[in-house]
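The structure appears below as structure tokens.
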């Protein structure tokens with residue numbers, strides 16, 4: 001099993017209204033789609049790097065919006081959104097529905113018009129999905145690695161988990177250390193102070209969970 005991080009850019013005709021507004025609105029540059037529901041009655045949980053007032057402005061772009069609840073936390077705003085449809089182009093939704101891969105949260109949308117997401121599956125299925133996705137969107141592969149299941153690493157938020165993954169990728173936990181907090185911030189497209197805070201909270205959660213578990217480790 002492989003895990004692939006994709007980066008896509010949408011042609012004008014396929015840009016989601018919310019993503020278009022994200023690029024136009026001042027004070028926000030990033031949205032992370034953390035959870036999403038069935039297409040017949042969509043409920044999503046997202047995080048924005050903005051205050052609630054700005055997020056409300058961005059959400060007005062969603063024509064199918066029926067209600068939204070906003071919570072300021074984790075350096076930005078969480079949005080619980082109820083809507084009657086995803087508002088993505090039908091060709092893209094059909095491709096996602098037919099793909100023989102699984103998509104992992106978050107799906108991250110950036111103000112520069114790009115988006116990133118991870119998919120897990122067998123090599124042949126991932127290659128076929130990449131080929132078909134490239135017929136619709138400008139697509140590139142940012143990272144490929146083996147997929148490994150494992151127990152939950154503490155009570156991590158999606159942002160904290162992403163920070164840990166980025167830190168491992170840039171060598172922040174190598175011995176000797178080859179990456180910096182600034183490198184992690186570059187991967188997350190956030191300020192170094194934000195990356196540092198995310199790492200500290202993630203490390204605290206992981207260590208606390210390990211100590212609470214009490215499982216003995218092998219000598220080494």
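Read-outs: derived from the displayed coordinates by stated rules, not from any lab. Everything numeric here is computed off the predicted structure, so don't read it as measured data. Because the Cβ atoms are built from the backbone with ideal geometry, glycine has one as well, and the counts that use them run over all protein chains shown.
Things worth noting here:
- Three-way shape call for segment 158-208 based on the alpha-carbon gyration tensor, with the a/c threshold at 1.5: oblate
- Neighbour-count ranking [beta-carbon atoms within 10 angstrom, fewest first] of 18, 92: 92, 18
- Sequence-distant contacts, meaning Cα pairs under 8 Å at least 6 residues apart, place the relative contact order of segment 83-161 at 24 percent.
- For segment 158-208, the relative contact order works out to 35 percent when only alpha carbon pairs closer than 8 Å and six or more residues apart are counted.
- Sites residue 26 and residue 204, calculated FRET efficiency, Cβ-Cβ separation with R0 35 Å, nearest 0.05: 0.55
- Length released on extending from residue 191 to residue 2, taking residue separation times 0.36 nm less the Cα-Cα span: 65.0 nm
- By other beta-carbon atoms within 10 Å, ranking 31, 1 with the fewest at the front produces 1, 31.
- Separation in nanometres of the label points that stand 7 Å from Cα toward Cβ, at residue 144 and residue 36: 2.4 nm
- Relative contact order of the chain, taken over Cα pairs closer than 8 Å and 6 or more residues apart, is 23 percent.
- Cα gyration tensor shape for segment 1-135, rounded if a/c is under 1.5, else prolate or oblate: prolate
- Once the Cβ-Cβ distance of residue 13 and residue 180 is raised to the sixth power relative to R0 = 41 Å, the FRET efficiency obtained is 0.50.
- Computed label-point distance, nm, for sites residue 57 and residue 84 using a 7 Å Cα→Cβ extension: 2.8 nm
- Calculated FRET efficiency, residue 72 to residue 132, Cβ-Cβ distance, R0 = 30 Å: about 0.15 to the nearest 0.05.
- Here the gap between residue 98 and residue 122, fully extended at 0.36 nm per residue and compared with their Cα-Cα distance, gives a gain of 7.2 nm.
- Fewest-first ordering of 82, 16, 145 by other beta carbons within 10 Å of each residue's beta carbon gives 145, 82, 16.
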